[in-house]
Structure formats: structure tokens, C-alpha cells
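Just below is one structure, and these are the notes that go with it.
Since every read-out is calculated from the coordinates, none of them should be taken as a lab result. Quick caveat: nothing in here was measured; it's all calculated off a predicted structure. A quick note on method: Cβ atoms are made from the backbone with ideal geometry, for glycine too, and the neighbour counts reach across all protein chains shown.
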Amino acid sequence: MYPKYKCLGCGNIWWSREILIICPVCRGKGIKIKDGVDIKEVVKKLKAVILLTGFLPPNEIARAMIVIGKAKANLSISRMIILGILAGAFIGFGSELAIMVTYDMPKYLGVGFTKFIFGSVFSVGLMLVIIAGAELFTGNNLILIKVLNREGDLRKMFKSWFWVYIANFLGFYYWFGLCLEPDFGKWVILQ
């Protein structure tokens, strides 16, 4: 007889000989049930482990995106602009770094490896955005999930999109100016 499994998501019980334990009903994770073991305790411990690792099932990811969308839509305009400028500068830094690292790499290592390195180095800018908590326009597009779920209004979404997009452009423009002309920062501040 095959081992018995119970789904952590929907509670479905099934028998399977497969190594990957995926619920046939909800596609959630399943655990092996042994006779004489209190399944409620095992499920409680496993859910605690899953929550600690930060992995969520798709429906919980959507719920988390709605909560994040609410927070992003309710930021003040000044905070959106400051965090947006930071995100634009970080992305500008990542792109400039990637260009500098891969400038003449294709003639030595080939185009494919150069693209791989470019993508790897560019992601430094994205890491800085995440670490600093900056507001990148692409991340603010997730506010749409909140609006589609009828938990937010379009006005706040468009306000957030507008200010973050402008701020991202300003941050990148400022970084680009610093890369081209070292005295660019003094010029921008004085004007």
C-alpha cells in the first residue's frame, strides 16, 4: 500500500507513490501521515516552518500584494518622490556599472557570456532598490491588483504611478548627469 498524505492547504487526504507531494485538488504541499501521529500538531509545526521561510502559496502571495499595494498607494507625495528618486539613481547605478563591466567583454568572452554578466551586474541596482525600500515604478504597478480586487481606488493608483514615474526619471537623470559631468550635481543644486 502507498503512503498516505494530507494537504497543508485544503486538508485533502490521498495515497501516492510519488516523491513530489503535491495535492491533486489545490496543488498545495502535502505531508506524509503516519499511523498514531497527531496530524494537527504536525501541520501546525510545518505551517510555522513554511511561514518562517517566507514561501507562500499563490493565493497568499496575491493577498500580500494587496496589502503592499495599500501601503504604496497611501504614501505621501513627498515620500514617493524621495523614494522614487533613490530608485531611479540605484537603477542608473546598476546600468552604468553593467555597461562599464561588460564594455569590451564580447571580443574576449563572447556575446552570450557578456549578456549573462550584464544581467548579473545590473541586478545590483535592483538589490539596492529592495534593500533601501525605494519606490520603483515597476513595483508600483502591483497596486493594480488592489484596484482589481475592489479594495482601492483608481485615483490613488494613478497618483502613485505618476509621481513615482517622474521621480524615477529624475533620479536616473541626476545619476546620468553625474556620470557624464562630475560638477553636474553642483549645477543642478544651484539652479
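Could you give me the ³J(HN,Hα) list for the range 108-122, computed from phi with Karplus coefficients 6.51, -1.76, 1.60 and θ = phi - 60°, whole Hz, x at Gly and Pro?
9, 10, x, 5, x, 5, 5, 5, 4, 5, 4, x, 5, 6, 4
Kindly list the residues of the range 151-167 that lie in the label zone of ILE77, defined by a backbone N under 16 Å from the point 7 Å along the Cα-to-C-beta vector.
155-167
Sticking with the crude label model, points 7 Å out along Cα→Cβ, report the distance from GLU60 to CYS10 in nm, one decimal please.
According to this spin-label approximation, the distance is 1.8 nm.
What does the extension gain come out to for ALA132 and LEU144, with contour length at 0.36 nm per residue minus their alpha carbon separation?
2.0 nm
Just order 129-141, 98-110, 82-94 by mean Cβ neighbour count inside 10 Å, highest at the front, would you? Each step should come with its number before you reach the end.
Details: 129-141: 17.5, 98-110: 12.5, 82-94: 23.0.
Listed from highest to lowest mean packing, they are 82-94, 129-141, 98-110.
If I model a spin label at ASP104 and TYR165 as a point 7 Å from the Cα along the Cα→Cβ vector, what separation in nanometres do I get?
According to this spin-label approximation, the distance is 4.1 nm.
Counting only Cα, what are the radius of gyration and maximum Cα-Cα distance Dmax of the range 60-190, in Å?
In order Rg, Dmax, the Cα atoms of the range 60-190 give 17.4, 54 Å.
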